[in-house]
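Read the structure below first, then the notes.
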There are 2 protein chains.
Amino acid sequence: METNLILQNLSKHIELTDEEKENFCSSLKAKKVKRHQFLGEAGEVSRYQNFVTKGCLRSYYIDENGFEHNVQFAIEDWWIGDMASFLTKKPASLYIEALEDSEVSQLDNPSMEDLYIKIPKLERFFRILLQNAFIAFEQRIISIISKTAEEKYLEFINKYPQLERRLPQIHIASNRYGVSSPPLAAKKHYLWL
Amino acid sequence: METNLILQNLSKHIELTDEEKENFCSSLKAKKVKRHQFLGEAGEVSRYQNFVTKGCLRSYYIDENGFEHNVQFAIEDWWIGDMASFLTKKPASLYIEALEDSEVSQLDNPSMEDLYIKIPKLERFFRILLQNAFIAFEQRIISIISKTAEEKYLEFINKYPQLERRLPQIHIASNRYGVSSPPLAAKKHYLWL
């Protein structure tokens, strides 16, 4: 299993001993997903948080009219999952789909709780990670509620140039996906945005 | 200073010794704000995270057309602030305004970093708090991008009945505030939602 990337990711915020690194890595489960395969589906309990070691994935929500709304994209060195379902063990509301052939390192909830006890430094690591996610979500909420579609598109490609190059344009620039004739209202918004 | 509430808040997730409690509380700064006064303004660096011990506050964003968009509400036992500015020391994008005469316990960033070193258990506390915030933000993003204004309003009052009773209706049910004739587009969205 490729563990260099996740260990580098950890070392950005905490220093682990060799024993702790080994302990951490032994809790990971390697998983490969082909393009368009799912790591998780709405309605099922999401058992894992996924660290991407190769490829590109998205999480999305399907509304009652069948329209898909992207919530998050992830490439190498990013985490993706349905946090609410992972923590509460309730059915997920998000689908997690590979947009390219991908590989992830998975952590399940019992392993994670166990790791927090064995390696308390991980509390700090995930606290910092969640702080960054909090900021990203807060800024995204501000964007969604106050900016035009064009402004949001420009903000997205400025903020995530590495994502823009890899994503099918439809995921960023349209609110629909796999629907041939969306209502006008849906066209007004961008999928990510 | 009222510290019972914040100590109760901490005790939901971690157990502190009397010395640690004292240490934590000595880092807090008590602050009173009258209704319609500000705890922070966009453009200024936001120095504090605020734990509400009395009253009700909101954070909001003003777009380039002068429209206000609420990002968060907070009553007793909740935290509020501009996290991005607090962590990066860049100018805040949010205003934090008291909607009632309010009292908060403030923590500045150097004190917080210092507390993480002195009381590592606080890493766990804030990791869990941020996890919950992550879930709330994720669900809010799903709501904003996929639900109608009516659905979002019902979701809001179901999720936060204690807030709905205390907030001026205009904050929940309209996208404008202090503007006498908003364009039609602004009327379509709810302030919170």
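Summary table
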quantity: Other-copy label distances relative to A:H13, 7 angstrom Cα-Cβ extension, nm; calculated: 1.2
quantity: Charge dipole magnitude, Cβ of K and R +1, D and E -1 - chain A, Cα centre, debye nearest 20; calculated: 420 debye
quantity: Positive minus negative residues near A:K89 (Lys, Arg vs Asp, Glu; Cβ under 14 Å); calculated: -2
quantity: Long-range HN-HN contacts of A:Q37 with modeled amide H, under 5 Å; calculated: A:A98
quantity: Label-point separation, B:D101 to B:K54 (7 Å along Cα→Cβ), nm; calculated: 0.7 nm
quantity: Cα-projected label distance for A:E41 with B:A136, points at 7 Å along beta-carbon direction, nm; calculated: 3.3 nm
quantity: Anisotropy class of the protein assembly as shown from Cα gyration tensor, a/c 1.5 cut; calculated: oblate
quantity: Gaussian network model of chain A, Cα within-10 Å springs - most flexible of A:K89, A:K159, A:K121; calculated: A:K159
quantity: Gained length - A:A30 relative to A:A149, 0.36 nm times residue gap less alpha-carbon distance; calculated: 39.1 nm
quantity: Copies compared at B:E155 - label distances in nm, ascending, label defined 7 Å from Cα in the Cβ direction; calculated: 1.8
quantity: At q = 0.13, 0.14, 0.19 Å⁻¹, base-10 log of I(q)/I(0) for chain B (Debye sum, equal scatterers on each alpha carbon); calculated: -0.74, -0.85, -1.45
quantity: Of A:S102, A:S93, A:S143, the one that fluctuates the most in a GNM where chain A has Cα springs shorter than 10 Å; calculated: A:S143
quantity: Of A:G40, A:G66, A:G55, the one that fluctuates the most in a GNM where chain A has Cα springs shorter than 10 Å; calculated: A:G66
quantity: Packing-based ranking, highest mean first, of B:110-116, B:45-51, B:129-135 given that Cβ atoms within 10 Å are counted; calculated: B:45-51, B:129-135, B:110-116
quantity: At R0 = 22 Å, FRET efficiency that the Cβ-Cβ distance of B:L5 and B:D114 yields, to 0.05; calculated: 0.50
quantity: Span-like helix ranges in chain B, DSSP H, alpha carbon extent 27 angstrom or more, Kyte mean at least -1.0; calculated: B:121-146
quantity: 10 Å Cβ neighbours from other chains, averaged over peptide A:138-150; calculated: 6
quantity: Of A:K159/B:K32; B:K54/B:K159; B:K34/B:K147; A:K12/B:K89, those spanning more than 27 Å from alpha-carbon to alpha-carbon; calculated: A:K159/B:K32; B:K34/B:K147
quantity: Charge dipole (chain B, unit charges on Cβ, about Cα centre) - positive-most of B:I141, B:T53, B:F126; calculated: B:I141
quantity: Förster radius 45 Å - calculated FRET efficiency between A:E19 and B:Y160, Cβ distance, rounded to 0.05; calculated: 0.50
quantity: Part-to-part distance (alpha-carbon centres) for the stretch A:147-168 and the stretch A:17-67, which is given in Å; calculated: 23 Å
quantity: For the stretch B:1-94, convex hull volume per residue from C-alpha positions, Å³; calculated: 109 Å³
quantity: For B:63-71, mean number of other protein chain Cβ atoms within 10 Å; calculated: 3
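The numbers here are math on the coordinates, done by the rules we state, and not lab data. Everything quoted here is computed from the prediction, not taken from an experiment. Please note: Cβ atoms are built from the backbone with ideal geometry, for glycine as well, and neighbour counts cover all protein chains shown.
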